[in-house]
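Novice: Got a structure here, written out as structure tokens. Questions coming.
The values are calculated or read from the model by the stated rules, or taken from the named source; none is laboratory data. All values reported here derive from a predicted model rather than from experimental measurement. Cβ sites come from the backbone with ideal geometry, for glycine too, and all protein chains shown count toward neighbours. These accessible areas exclude ligands, DNA and RNA; they are computed on the full protein's heavy atoms, side chains included. Shrake-Rupley method; radii C 1.70, N 1.55, O 1.52, S 1.80 Å.
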Amino acid sequence: MRVPIITDEAAQQGGWHGIALSQAFAARGCEAVFVELQDCMIDLSGSQPHIRIPQFEKLPQFAFIRGIAAGTLQQVITRLNILHILKMQGSYVYNDAKAIERTVDKGMTSFLLMHHGIATPATWVCESRQQAHSLIQTQLQQHSALVIKPLFGSQGQGVRLITQQDSPPLPRDMFVDGVYYLQQMIHTGKHNYDYRVFVVNHQAVAAMQRSGEGWLHNVARGAQCTWVEDSEIQALAERASRAVDIDYCGVDIIRDAEGKLWVLEVNSIPAWRGLQSVCTVDIAQTLVDDLIGKADQSDR
């Protein structure tokens with residue numbers, strides 16, 4: 001059986017993660033084929049709608065989503081529509097387009113977490129520069145630092161801390177892109193680290209503590225990883241997974257100065273290279289086995 005791994009790194013065989021997934025699929029008798037969504041086509045010329053996928057003559061039983069390339073609004077919508085149509089026609093898409101849409105948009109993720117009663121930082125999302133700056137000034141006057149993030153982004157790119165020293169208006173730069181996503185800074189006190197929990201089928205399979213020199217703890221920015229096993233952290237990550245209704249995800253959690261846990265983000269296309277380096281669970285194989293099991297069950 002051949003399976004498409006949807007990636008934005010097809011020329012590099014999906015990178016480190018793609019190679020790990022390819023090996024995990026091979027262990028279950030499947031051949032992985034790396035595909036980029038911009039190379040696919042929605043074909044509505046025949047009696048039935050059809051998605052043309054390079055190297056696939058018929059609809060695959062399932063597809064693994066590892067990356068979606070950035071593009072214009074029209075391009076991104078078209079790429080997500082391909083995933084929507086694949087699922088409607090019977091392919092098991094892992095994670096599906098709805099899950100990706102709910103989590104790639106940090107504002108919607110924050111809403112869903114709060115809607116389900118999960119502790120997450122106070123958050124504001126608006127397009128108005130005037131509203132954003134008024135909010136910033138109010139929060140700073142109350143001695144609350146803010147974090148501004150790109151609505152769509154990963155690996156800490158474009159994330160900035162706003163403090164009293166930054167009270168002049170912020171520049172309208174490439175990371176804001178017309179939408180201000182602002183979160184209240186969680187004061188961690190002596191806890192200068194956060195947690196990444198990897199959740200598969202709403203079950204926490206591995207977790208690590210990430211610590212760095214600054215206030216950001218992304219592995220891509222050089223954070224140090226340490227394996228942890230904490231039932232409270234794992235249970236919170238599982239609740240976050242259910243709140244966004246997703247097959248698998250990476251959940252970022254932080255502990256404040258008083259010891260309370262907060263969910264910062266849920267990532268629908270999470271990296272796990274750092275986590276794999278400190279845990280014994282074969283994460284790629286766990287993902288592949290969950291996907292194959294779900295695809296088989298959906299066919300019955």
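Novice: Restricting attention to the stretch 250-295, report how many residues are under 20 Å from residue 6 (Cα atoms) and of a type in the set (Asp, Glu).
Specialist: The number of residues fulfilling the criteria is 2.
Novice: Could you tell me whether residue 31 is among the charged types (D, E, K, R), closer than 25 Å to residue 296 by Cβ and in contact (Cβ under 8 Å) with a residue 12 or more places away in the chain? Explain how you work it out, then say what you get.
Specialist: Values: among the charged types (D, E, K, R): yes; closer than 25 Å to residue 296 by Cβ: yes; in contact (Cβ under 8 Å) with a residue 12 or more places away in the chain: yes.
Here the answer is yes, as residue 31 does meet what is asked.
Novice: In the stretch 69-100, which residues are in a loop (DSSP other than H, G, I, E, B) and under 21 Å from residue 59 (Cβ atoms)?
Specialist: Within the stretch 69-100, 89, 90, 91, 95, 96 meet the criteria.
Novice: Which of the residues spanning the stretch 278-296 are open to solvent by less than 30 Å² (accessible area, probe 1.4 Å) and of a type in the set (Asp, Glu)?
Specialist: Across the stretch 278-296, the qualifying residue is only 290.
Novice: How do the pairs read when you match residues in the stretch 237-261 that are more than 19 Å from residue 275 (Cβ to Cβ) and open to solvent by 20 Å² or more (accessible area, probe 1.4 Å) with residues anywhere that are outside any helix (DSSP H, G or I) and of a type in the set (Ser, Thr, Tyr), using Cβ under 8 Å and keeping only pairs 6 or more apart or on different chains?
Specialist: Listed by first residue and then by second, the contacts come to 257/188.
Novice: Considering only residues that are assigned to a strand (DSSP E or B) and open to solvent by less than 40 Å² (accessible area, probe 1.4 Å), which ones fall in the stretch 177-204?
Specialist: 180, 181, 182, 183, 194, 195, 196, 197, 198, 199, 200, 204
Novice: Name every residue in the stretch 12-62 that is in a helix (DSSP H, G or I) and either within 18 Å of residue 271 (Cα to Cα) or modelled with pLDDT under 95 (or both), in order of residue number.
Specialist: 12, 15, 16, 17, 18, 19, 20, 21, 22, 23, 24, 25
Novice: Hey, could you check the stretch 32-41 for residues that are closer than 29 Å to residue 273 by Cα and open to solvent by 60 Å² or more (accessible area, probe 1.4 Å) and say which is nearest to the chain's Cα centre (by Cα)?
Specialist: Start the filter on the stretch 32-41 by keeping residues that are closer than 29 Å to residue 273 by Cα, which leaves 32-40.
Pick out the ones that are also open to solvent by 60 Å² or more (accessible area, probe 1.4 Å) and you get 38-39.
Details: 38: 20, 39: 23 Å.
Here the answer is 38.
Novice: Within the stretch 42-66, which residues are acidic (Asp, Glu) and open to solvent by less than 60 Å² (accessible area, probe 1.4 Å)?
Specialist: Listed by number, the list holds a single entry, 43.
Novice: Next question, about the same structure. Filter the stretch 111-121 down to residues that are part of a loop (DSSP other than H, G, I, E, B), open to solvent by 40 Å² or more (accessible area, probe 1.4 Å) and touching a residue at least 12 places away in the same chain (Cβ under 8 Å), then give me how many there are.
Specialist: The qualifying residues number 1.
Novice: Mind listing whichever residues of the stretch 11-31 are of a type in the set (Gly, Ala, Ser), out of contact with any helix residue (DSSP H, G or I) (no Cβ under 8 Å at 6 or more places or on another chain) and open to solvent by 20 Å² or more (accessible area, probe 1.4 Å)?
Specialist: Matches in the stretch 11-31: 11, 22, 26, 29.
Novice: In the stretch 122-148, what residues are open to solvent by less than 80 Å² (accessible area, probe 1.4 Å), over 23 Å from residue 194 (Cβ atoms), in a helix (DSSP H, G or I) and not small (Gly, Ala, Ser)?
Specialist: 133, 135, 136, 137, 138, 140
Novice: Working only within the stretch 78-102, note down all residues that are open to solvent by 10 Å² or more (accessible area, probe 1.4 Å), within 20 Å of residue 246 (Cβ to Cβ) and of a type in the set (Ser, Thr, Tyr).
Specialist: Within the stretch 78-102, 92 is the sole residue that qualifies.
Novice: With the requirement that a residue be open to solvent by less than 80 Å² (accessible area, probe 1.4 Å) and either among the basic types (Lys, Arg) or assigned to a strand (DSSP E or B) (or both), what does the stretch 1-10 give you?
Specialist: Listed by number, the residues that qualify are 3, 4, 5, 6.
Novice: Of the residues 104, 147, which is touching a residue at least 12 places away in the same chain (Cβ under 8 Å) and closer than 25 Å to residue 69 by Cα? If you could, list the steps in order and put the result at the bottom.
Specialist: Numbers: 147 fails: closer than 25 Å to residue 69 by Cα.
Testing whether each residue is touching a residue at least 12 places away in the same chain (Cβ under 8 Å) and closer than 25 Å to residue 69 by Cα leaves just 104.
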